[in-house]
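Reviewing the structure listed below.
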Amino acid sequence: MKLQKFLSILTVFGLAFGAASARADTTNVKGPAPVVVKKQGAHCKDDDHCFNRYHPAIPMAARAKPGQHIVFETRDALDTDFDFESIP
């Protein structure tokens, strides 16, 4: 009897918590297209958009309007040709 009561309380709590944390379905919401800054070349030295610091002398790579997302394609810190299939 105690187990059934515990399980029913747990179920009610789970339903209440699940309803409180539910999120709205936004799959049909349309917004401005994102600005994509693609990486170019095999390495950073071959890429005009590649940088290793923020400085006012570095020109902007893209401009976005309010509410628009910017997507940066990034490189790993080593900027090498190594991958998961590389052999030491």
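None of the figures in this text is laboratory data; all of them are computed from the coordinates on show. From a predicted model like this one, the values you see are computed outputs, not experimental measurements. A quick note on method: Cβ atoms are made from the backbone with ideal geometry, for glycine too, and the neighbour counts reach across all protein chains shown.
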Applied in sequence order to the range 31-43, the curve 6.51 cos²θ - 1.76 cosθ + 1.60 (Karplus, θ = phi - 60°) yields integer Hz couplings, x standing for Gly and Pro, of x, x, 5, x, 8, 10, 9, 7, 7, 10, x, 7, 9
Residue by residue through the range 66-79, the couplings from Karplus 6.51 cos²θ - 1.76 cosθ + 1.60 with θ = phi - 60°, in Hz, x for Gly and Pro, are x, x, 8, 8, 10, 10, 9, 7, 10, 10, 6, 5, 7, 6
Each label sits 7 Å from Cα toward the beta-carbon; between Lys30 and Asp83 the label points are separated, in nm, by 3.6
Rounded to one decimal in nm, the spacing of the 7 Å Cα→Cβ label points at Lys39 and Thr74 is 1.1
